[in-house]
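The structure appears right after this line, and notes come after that.
The values are calculated or read from the model by the stated rules, or taken from the named source; none is laboratory data. A quick note: this is a predicted structure, and the numbers were derived from the prediction, not measured. Virtual Cβ from ideal backbone geometry, glycine too; neighbours counted across all protein chains shown. All accessible areas refer to the heavy atoms of the entire protein, side chains included, with ligands and DNA or RNA removed. Shrake-Rupley method; radii C 1.70, N 1.55, O 1.52, S 1.80 Å.
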Amino acid sequence: DVKVTQSSRYLVKRTGEKVFLECVQDMDHENMFWYRQDPGLGLRLIYFSYDVKMKEKGDIPEGYSVSREKKERFSLILESASTNQTSMYLCASSFGGANEKLFFGSGTQLSVL
Amino acid sequence: QKEVEQDPGPLSVPEGAIVSLNCTYSNSAFQYFMWYRQYSRKGPELLMYTYSSGNKEDGRFTAQVDKSSKYISLFIRDSQPSDSATYLCAMKRYAGGTSYGKLTFGQGTILTVHP
């Protein structure tokens, strides 16, 4: 089975801190994604990557950056965390293609105080 | 206006009921339609996938797409308590040779099936 592993299940940070969210997938997938999930808003795409060292902005990239140095690992970085970044963060990966299937991790619930 | 609208519910039904979950969308460029199921404290998992208008059945689940009305539905027959979850519709354009899986999700509908 494909496994997408997110490093932390719960995370509490202070305003202004630099935050790293890590994601690793074990199926040699080309594509990796970071979404955030908020009540009433569903999942919104922050950034995605279709190859090592390649990245594209999603719908809400402001306040975030990403890093993909290795194919299996995709990191989301909050340079200076703010309270409005309190959310559930979901990482996903996929092979690619028109009818691709996204495989999600279990999520990281981030609270910024 | 959101590109994809989904009634957030919550929806509470008795075991054995037929459940209907719906999404409307505004962008006619969407060609691929999916339903994801998300259990509490888990990530979403793909439940159904359809392309073009029509019906697709998988066990107790039927996905329906009506492109002319920009409307998709998921029907669950003989609903079970184990179906209690959040259901998310998702849609995707097909951008020529590139297909990076950039999905647009609905807000999700919380479903509870009680015994």
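What do you reckon, how do A:Lys53, B:Lys56 stack up by accessible area (1.4 Å probe), largest on top?
So the residues, ranked largest to smallest area, are A:Lys53, B:Lys56.
Report, to one decimal in Å, the Kirkwood hydrodynamic radius for chain B based on all distinct Cα pairs.
With all distinct Cα pairs of chain B included, I get 14.4 Å.
Can you compute the modelled spin-label distance between B:Gln1 and B:Asp58, with each label point 7 Å from Cα toward Cβ, in nm?
Modelled inter-label distance: 3.1 nm.
Under 17 Å from a point 7 Å along the Cα-to-Cβ line of A:Glu17: which residues of region A:65-80 have their amide N that close?
Inside the label zone: A:76-80.
For region A:40-83, what is the per residue volume of the convex hull drawn over the alpha-carbon atoms, in cubic angstrom?
Roughly 87 Å³ of hull volume per residue.
Is the C-alpha gyration tensor of the protein assembly as shown telling us rounded, prolate or oblate? Criteria: a/c under 1.5 is rounded; beyond that, a/b larger than b/c is prolate, otherwise oblate.
In terms of gyration-tensor shape, prolate.
Pull up the cross-link candidates among the aspartates and glutamates for A:Lys3, meaning alpha carbon to alpha carbon under 17 Å and not fewer than 8 places away within one chain.
Those aspartates and glutamates meeting the cut-off are A:Glu22, A:Asp26, A:Asp28, A:Glu30, A:Glu72, A:Glu100, B:Glu45.
What is the sum of charges around A:Gln109, taking Lys and Arg as +1, Asp and Glu as -1, for the other residues whose C-beta is under 13 Å from the C-beta of A:Gln109?
Summing Lys and Arg as +1 and Asp and Glu as -1 gives +4.
Run the accessible area of the protein assembly as shown with a 1.4 Å probe and give the carbon-and-sulfur part as a rounded percent.
Of the solvent-accessible surface of the protein assembly as shown, carbon and sulfur hold 49 percent.
Could you compute the net charge surrounding B:Phe33? Neighbours are other residues with a C-beta less than 11 Å from the C-beta of B:Phe33; K and R count +1, D and E count -1.
Net charge in that neighbourhood comes out at +3.
Am I reading the B/A interface right? What is its buried accessible area, both sides, 1.4 Å probe, to the nearest 100 Å²?
Approximately 1900 Å², summed over both chains.
Given the whole protein assembly as supplied and a 1.4 Å probe, what does the accessible area of B:Asp66 come to in Å², nearest 10?
60 Å²
Hey, for a label at A:Lys3 modelled as a point 7 Å past Cα toward Cβ, could you say which residues of region A:62-78 have their backbone N under 17 Å away?
Once the point is set 7 Å along Cα→Cβ of A:Lys3, A:72-74 turn out to lie under 17 Å by backbone N, inside region A:62-78.
Longest span of chain B, sites excluded, free of chymotrypsin sites (Phe, Trp or Tyr not before Pro) in DSSP loop with at most 16 other C-beta atoms within 10 Å?
Between exposed loop sites, the widest span is B:40-93.
In a shell of Cβ-Cβ distance under 10 Å around B:Ser53, excluding B:Ser53 itself, what net charge do Lys and Arg (+1) and Asp and Glu (-1) give?
Computed value for this residue: 0.
Mind listing the Cα extents of chain A along all three principal axes, in Å, largest one first?
Ordered largest first, chain A gives principal extents of 39, 29, 24 Å.
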